[in-house]
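Each remark here refers to the structure printed beneath this line.
The values are calculated or read from the model by the stated rules, or taken from the named source; none is laboratory data. Computed from a predicted model, the values in this text were never measured in an experiment. Methodologically, a virtual Cβ is constructed for each residue, glycine included, from the backbone with ideal geometry; neighbour enumeration extends over all protein chains shown.
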Amino acid sequence: MRRRVTAGAGVAALMALVFALNFYRLPVVALTPGPAEDVLGRIKVEGTTPVYDSKGKLYLTSVGIDDDVRFYEALLDLANRDVELRPRSELFPDGDSNEEIDRENVALMDQSKTVAKVVALRELGYPVTPSGVEVGDVVRGTPADGRLKAGDRILRVDGRAVASIDQVRKAITSHRNGEQVAFLVARDATRTSVAVRVAAAADGPPRVGVELRERFENLPVKVTIETENIGGPSAGLMFALSIIDRLTAQDLTGGRRIAGTGELSVDREVLPIGGVAEKLVAARRQGATAFLIPADNCPDVRGRVPAGLRLVRVATLDDALRFLRQPDAPAPGC
């Protein structure tokens, strides 16, 4: 009788454990192939600038993120080669809520659109000059943390008007460790004075802990890029290529379905991003036959390239344009 009771209690405990695991949230996120969208159809140009159609497609690719992964879901995800489990802390740093991450991704997407427009219009010969400097990001734990904010437009430093990143940097580095730099910034339609102490850096000049970026307003051609429910900076390359394609008579697609990813800098560099393997799957599902991949992301996709998808390694916008304009010429892969 005692054995029956013991066995019954063990079964009950096991069933309770199995039931509880169904509600246990793991500290991971699941990355899945997201939608791939043709950017060419989302480029709108105002005014009299000629716009040209293309026979093919230029797809931006995205990644789906599930940040509510339960125990048994994780087991299924591990068996799915198209899904990747990553530590939640990589995508959601401690202290950041989902709402804060969403706002940051929207801001990064807006910035990627601006950079893409600037780079594309410069490629097409339009004169584009910066209209000022703003704070792109604030490094946690630095003197600027809690004082300056991303998006602050820097108007003056130490009482002097500034119009370039070099001017701001020179003003900061002219101070010694512990001295204060006086910033006048435009924030939320108001002007705010902010004093930030300079901290010594072991590997470089004195700093306050901000990343700076140029502002661009009143571009010579008004271009709008329509996107929904997609955030982050990784579509910059495909935005720029699509603008160039829409504003030039040559059809860069050549009738092909081409996808890609990569953050684009004002200096035309293509920077690596996350979730590349999942983006390859999304591209192939749309029928893409070529994928423009940042050069530094090549190690991330070894053994995970879908059949029928050609990888084209790009380190700059010029690499991507060379492949599109000369489809029969050799192009480096991964």
Mind listing whichever residues of the range 203-244 are in contact with a Ser or Thr (Cβ under 7 Å, 6 or more places away or on another chain), in a loop (DSSP other than H, G, I, E, B) and not polar (S, T, N, Q)?
PRO205, PRO206, VAL208, GLY209, PHE216, GLU217, VAL221, ILE230, PRO233, ALA235
Quick check, is LEU264 within 30 Å of ARG313 (Cα to Cα), at pLDDT 90 or above and touching a helix residue (DSSP H, G or I) at 6+ places or on another chain (Cβ under 7 Å)?
yes
Identify all residues within the range 113-171 that are surrounded by fewer than 17 Cβ atoms within 10 Å (Cβ to Cβ), under 23 Å from the mean Cα position of the chain (by Cα) and of a type in the set (Asp, Glu); write none if there are none.
ASP145
Go through the range 164-202 and give me each residue that's at pLDDT 90 or above, part of a loop (DSSP other than H, G, I, E, B) and among the hydrophobic types (A, V, I, L, M, F, W, C).
VAL198
Quick check on the range 262-295: of everything there that is acidic (Asp, Glu) and under 15 Å from GLY236 (Cβ atoms), which residue is surrounded by the most Cβ atoms within 10 Å (Cβ to Cβ)?
GLU263
In the range 228-252, anything surrounded by fewer than 19 Cβ atoms within 10 Å (Cβ to Cβ) and closer than 24 Å to GLY34 by Cβ is listed as GLU228, ASN229, ILE230
Any idea which residue in the range 302-322 is nearest to GLU263 (Cα to Cα), counting only those that are part of a loop (DSSP other than H, G, I, E, B) and without any contact (Cβ under 8 Å) to a residue 60 or more places away in the chain?
ALA315
For the range 26-70, name all the residues that are under 25 Å from LEU324 (Cβ atoms), of a type in the set (A, V, I, L, M) and not in a loop (DSSP other than H, G, I, E, B).
ALA36, LEU40, ILE43, VAL45, LEU58, LEU60, VAL63
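Table: residues versus (1) within 21 Å of LEU108 (Cβ to Cβ); (2) among the hydroxyl-bearing types (Ser, Thr, Tyr); (3) outside the structural domain of VAL39 (by TED's automatic domain parsing).
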{"position": "ILE258", "(1), (2), (3)": "no, no, no"}
{"position": "GLY262", "(1), (2), (3)": "yes, no, no"}
{"position": "SER265", "(1), (2), (3)": "yes, yes, no"}
{"position": "GLU269", "(1), (2), (3)": "yes, no, no"}
{"position": "ILE273", "(1), (2), (3)": "yes, no, no"}
{"position": "GLU278", "(1), (2), (3)": "yes, no, no"}
